[in-house]
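One structure below.
The values are calculated or read from the model by the stated rules, or taken from the named source; none is laboratory data. Just so you know, these numbers come straight off a predicted model, no measurement behind them. Neighbour counts run over all protein chains shown; Cβ positions are idealised from the backbone, glycine included. For accessibility, only protein heavy atoms count, side chains too; no ligands or nucleic acids. Shrake-Rupley method; radii C 1.70, N 1.55, O 1.52, S 1.80 Å.
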Amino acid sequence: MGIATEELERRIRTCTLCRLHRNRKNAVPGEGPYDARVMLLGEAPGRNEDLRGIPFCGAAGKFLDELLEIAGLKREEVYITNTVKCRPPQNRAPRDDEIKICASKYLKKQVKIVRPELIVVLGRTAAKALLGKEIPITANHGKVMTVKFAGLNFLIFLTYHPAAALYGARTRSKLREDFAKLAEVLKTARIPRPK
Ligand code: URA
Ligand code: SF4
């Protein structure tokens, strides 16, 4: 990990730019190699993530590990982060102003450093942050799209949030299907990194 990325992580861990810093125990910058082909973008840290400072280390993370295996990906080879880096109180959805400030300060820098071939967008908050508007996941999951973000053109793969799946078998099976599709997408001709 280079000095710029260490400095970025340090800034996130000490950030007080939005109200979410008040209730956090640990900010969660993200985890994984900064030259990963694939980046995964969640919503916000939950209870376990806040306690440990690591993304997707609770129940949703366990299901995510199963999904990654379906896609033929190892957890160590993907870069995983969240749209906002601090846990919202009672796990409420991050608010627009929090998303705006956190994503423009940190997520934009992270995507420019990693420049992944593909960003797997987990749920509506992540989709909103990248697309700049609300998009129904039910009608668009399993699709590859392009977005311009941080001045770069990214390929994104839209799917449900793995935590949503913990409440319903239907969403669980849709997520499994999506990650099987993702395996196919990643097997096709190598996608160029965004320039
Ligand atoms: N949900 C998320 O969006 N991110 C995590 O890190 C854990 C649960
Ligand atoms: Fe800073 Fe983001 Fe945490 Fe808000 S959520 S305090 S902007 S790191």
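General observations
- Checked against (1) open to solvent by 70 Å² or more (accessible area, probe 1.4 Å); (2) under 16 Å from P116 (Cα atoms); (3) more than 11 Å from ligand 1 (Cβ to nearest atom), V38 passes all but condition (1).
- The range 41-52 - residue that is in contact with a strand residue (DSSP E or B) (Cβ under 7 Å, 6 or more places away or on another chain) and part of a loop (DSSP other than H, G, I, E, B) and, of those, most open to solvent (accessible area, probe 1.4 Å): E43
- Residue match in the range 133-143 (condition: touching a Pro at 6+ places or on another chain (Cβ under 9 Å) and touching a residue at least 24 places away in the same chain (Cβ under 8 Å)): no
- Filter result for V121 (touching a residue at least 60 places away in the same chain (Cβ under 8 Å) and part of a strand (DSSP E or B)): yes
- Of the residues examined, I113 is one that is in contact with a Ser or Thr (Cβ under 7 Å, 6 or more places away or on another chain), modelled with pLDDT of 95 or more and on the phi < 0 side of the Ramachandran plot.
- Index of the failed condition, T14 passing every other in (1) within 13 Å of ligand 2 (Cβ to nearest atom); (2) open to solvent by 10 Å² or more (accessible area, probe 1.4 Å); (3) in contact (Cβ under 8 Å) with a residue 40 or more places away in the chain: (3)
- Only a single item in (1) open to solvent by less than 10 Å² (accessible area, probe 1.4 Å); (2) more than 17 Å from A36 (Cα to Cα); (3) within 11 Å of ligand 2 (Cβ to nearest atom); (4) assigned to a helix (DSSP H, G or I) is not met by K85, and it is number (4).
- Single residue of the range 63-82 satisfying the filter (within 14 Å of P162 (Cα to Cα) and assigned to a strand (DSSP E or B)) that is nearest to ligand 2 (Cβ to nearest atom): N82
- Residue within the range 172-195 that is in a loop (DSSP other than H, G, I, E, B), of a type in the set (S, T, N, Q) and at pLDDT below 95 present: yes
- Candidates I80, I99: the one that is crowded, with 18+ Cβ neighbours inside 10 Å and out of contact with any Leu (no Cβ under 8 Å at 6 or more places or on another chain) is I99.
- Evaluating A126 against the criteria (1) surrounded by fewer than 21 Cβ atoms within 10 Å (Cβ to Cβ); (2) touching a His at 6+ places or on another chain (Cβ under 9 Å) leaves one unmet condition, (1).
- Residue check, K128 out of contact with any Phe, Trp or Tyr (no Cβ under 7 Å at 6 or more places or on another chain), in a helix (DSSP H, G or I) and closer than 15 Å to I80 by Cα: no
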